[in-house]
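The values are calculated or read from the model by the stated rules, or taken from the named source; none is laboratory data. All of these numbers come straight from a predicted model, not from anything done at the bench. Here Cβ is always computed from backbone atoms with ideal geometry, including for glycine, and neighbour counts include all displayed protein chains. Protein only, heavy atoms only, side chains kept; ligands, DNA and RNA dropped before computing areas. Shrake-Rupley method; radii C 1.70, N 1.55, O 1.52, S 1.80 Å.
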Amino acid sequence: GGTWSGTLTARNAGTFHFAVVDSSSGFVSARSRVVVSPAPPDRFTVSPDTLRLTAGVSDTATVRVVDAFGNAAPLASPQTLTLWTDRPAGSFRNLSGSAIFEITLPAGADSGQFLFRDTQTTSSAGRVRAIDADGSSPFLGTAASYVLTVPAAPAGVIALTASPDTLVANGSD
């Protein structure tokens, strides 16, 4: 027998079980099931943390809303995020391919996706940012992902022009 009184701070959302074990007899009490919900939304992240693109080819980025412990945290109300990049040839698209400048995460959602495309190669990493700028609570801040773009394979007709010979061997061209 005995009692314990105290608090626990749950750091992970999910389903867990509590049980008490008598250390001398090995008897295990009945297990109690506990469901831990995520804490309120605290911030958001963009993944992958680095988009590795081929020039002209889109890739998908995911915005995830998380609580203070990193658990996915559904929103109580819709949240609009402004999309920004420092890549002059970069563009944002929704999953259908239409040009966009912001995404709205609906109430009850903990994530959203968008496409990013860059047609210009980079020598250093650029950035893509999602910014909570709609003024409604909760304020989730700003999340960023790096962008690296490599050249695409040549496409279309490639014209080759031969220059006149300029070498002379034994008096003949």
Could you tell me which numbered condition residue 142 fails, if it satisfies all but one of (1) under 15 Å from the mean Cα position of the chain (by Cα); (2) in contact (Cβ under 8 Å) with a residue 40 or more places away in the chain; (3) within 30 Å of residue 37 (Cα to Cα)? (2)
Among residues of region 33-67, those that are more than 19 Å from residue 85 (Cα to Cα) and open to solvent by less than 60 Å² (accessible area, probe 1.4 Å), counted: 8
Report, by residue number, each residue of region 107-141 that is more than 22 Å from residue 86 (Cβ to Cβ), small (Gly, Ala, Ser) and open to solvent by 60 Å² or more (accessible area, probe 1.4 Å). 135, 137
Top-ranked residue of region 69-86 - restricted to ones that are of a type outside the set (A, V, I, L, M, F, W, C) and modelled with pLDDT of 95 or more, ranked as surrounded by the fewest Cβ atoms within 10 Å (Cβ to Cβ): 86
Give region 51-82 a look and list any residue that's part of a strand (DSSP E or B) and either closer than 17 Å to residue 142 by Cβ or in contact with a Lys or Arg (Cβ under 7 Å, 6 or more places away or on another chain) (or both), or say none. 51, 61, 62, 63, 64, 65, 66, 72, 79, 80, 81, 82
Residue pairs meeting the criteria (Cβ under 6 Å; at least 6 apart or on separate chains; first free of Cβ contacts under 8 Å to residues at least 24 places away in the same chain and closer than 11 Å to residue 130 by Cα, in region 102-119; second open to solvent by less than 60 Å² (accessible area, probe 1.4 Å) and of a type in the set (Val, Ile, Thr)): 102/80; 102/82
Do we have any residue at all in region 57-73 that's touching a Phe, Trp or Tyr at 6+ places or on another chain (Cβ under 7 Å) and over 30 Å from residue 149 (Cβ atoms)? no
